[in-house]
């Protein structure tokens, strides 16, 4: 009977023709990249370049997706090609070396110096935004053989809005004078207003998975509140008050982001936990702290044997971990670079989810979430850090998906856990070296919150 069941599973698997669509909600995706182009989602209802909206969804010529940051169909701005320079390449290389404990003292001095260079950080931030979505998309594409990549641009590559400072500050000033909380609620709604529109958009195009490697964390929220209070009180704000309002702001962001899940109930959202090294149970991060049956929050590990020191975590708010250090993936212009962050761990999981949907398209987001979370490699170093205490095991999750074609999800998970071994890490053979965390060497998640200094 077991042989017959396996034959039937293979037959059903080979008959599945619909590839899962993975929406990359990010800072822009190079859909012409050699790694992504073969897997690009294409809106066949639209005729490219005719300035018409053939599918009548309100998004003219959305052939590869939509740019919600600038309200057009340009899902990446190619004018930033050529901005990657040798210092940036070295910066990304030293990210990995510091996490693996192989960085030299000379290299530590170099990176500590350059992260204090405001001009370099500005250029790195611009390139980081330009590259980010393409890098994320490449990770998901590799992990999911048949997936189609749908580009959704939420994060602007570079802020060039001369009136932004006045407009934002005058708005914020009004609510600071009226003692803040009502205004913070309004600001949170304004920041997250695009989220629902994006959710409806990707749902309309049938995305089974959506990756969100973006967010606003406690340090960013604290800076926003601090800046506003300094501007309008003309004095140094009380640290306890700043802390209180920063947490209130983040809670409001999470509350307003929650409706994303209801707007796309057939989509599994995968969010990066954040790169601030903080406990999301105590210091909320948006939108990854939203909770629901169709959401997974992901921390980053160094291979399969250490939590990355920059990674956010949370026994209640973060579900699982995945590799997020020195991840080689695509960069605009047919380039490839290694980058570290929870931004890289999340699309690893999104890609695994996409392949699970490819194997068994009848599964619901909750069932796919269960398969991923209940087939992890349980790790002692993740106990009390993530809900599952585990790192995603892609092979075990995929095996459970195959088994789910012929048995219940419960039985599929149980059998996969018995059949598939834990993932092996090559680092264990060489001995695990202690990471050296250099402040500022891992950039925070890109945020859709725009505020000029």
Open item on the list: Just to be sure I understand, how many residues within region 393-420 are touching a strand residue (DSSP E or B) at 6+ places or on another chain (Cβ under 9 Å) and in a loop (DSSP other than H, G, I, E, B)?
Closed with: 1
Open item on the list: Going residue by residue through region 185-197, is there one that turns out to be over 18 Å from residue 216 (Cα atoms) and at pLDDT 50 or above?
Closed with: yes
TODO: Specify which of the listed residues (321, 345) is at pLDDT 95 or above, surrounded by 24 or more Cβ atoms within 10 Å (Cβ to Cβ), farther than 30 Å from residue 85 by Cβ and in contact with a strand residue (DSSP E or B) (Cβ under 6 Å, 6 or more places away or on another chain).
DONE: 321
- [ ] Those residues that are buried (at least 22 other Cβ atoms within 10 Å of the Cβ), out of contact with any helix residue (DSSP H, G or I) (no Cβ under 6 Å at 6 or more places or on another chain) and farther than 28 Å from residue 353 by Cα, I need them from region 230-270; list them, please.
- [x] none
Open item on the list: What pairs come out if I take residues in region 237-254 that are without any contact (Cβ under 8 Å) to a residue 24 or more places away in the chain and at negative phi and pair them with residues that are part of a helix (DSSP H, G or I) and crowded, with 22+ Cβ neighbours inside 10 Å whose C-beta lies under 6 Å away, six or more apart or interchain?
Closed with: 242/225
Open item on the list: Restricting to region 57-81, count the residues that are touching a residue at least 40 places away in the same chain (Cβ under 8 Å) and more than 21 Å from the chain's Cα centre (by Cα).
Closed with: 5
Task: Every residue from region 82-106 that is part of a helix (DSSP H, G or I), under 24 Å from residue 126 (Cβ atoms) and over 23 Å from the mean Cα position of the chain (by Cα) - done: 86, 87, 90
TODO: Kindly check whether there is at least one residue in region 21-31 that is in a loop (DSSP other than H, G, I, E, B), under 30 Å from residue 402 (Cβ atoms) and at pLDDT 95 or above.
DONE: yes
Task: When residues of region 367-392 are limited to those that are under 19 Å from the mean Cα position of the chain (by Cα) and assigned to a helix (DSSP H, G or I), the one surrounded by the fewest Cβ atoms within 10 Å (Cβ to Cβ) - done: 373
Open item on the list: For region 293-315, give me each residue that is assigned to a loop (DSSP other than H, G, I, E, B) and in contact (Cβ under 8 Å) with a residue 40 or more places away in the chain.
Closed with: 293, 294, 303, 304, 305, 308, 309, 310, 312, 314, 315
Task: Selection count, region 83-119, where residues are out of contact with any helix residue (DSSP H, G or I) (no Cβ under 7 Å at 6 or more places or on another chain), surrounded by fewer than 16 Cβ atoms within 10 Å (Cβ to Cβ) and free of Cβ contacts under 8 Å to residues at least 40 places away in the same chain - done: 11
- [ ] Could you name every one of the helices (runs of 4 or more DSSP H) located completely within region 202-292 that has at least 2 residues being over 25 Å from residue 437 (Cβ atoms) and at pLDDT below 95?
- [x] 218-233, 239-257
- [ ] Could you list, in sequence order, all residues of region 35-62 that are within 21 Å of residue 354 (Cβ to Cβ) and in a loop (DSSP other than H, G, I, E, B)?
- [x] 35, 36, 41, 42, 43, 44, 62
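The values are calculated or read from the model by the stated rules, or taken from the named source; none is laboratory data. This structure is a prediction, so every number in the text was calculated from the model and none was measured. Backbone-built Cβ (ideal geometry, glycine too); neighbour counts: all protein chains shown.
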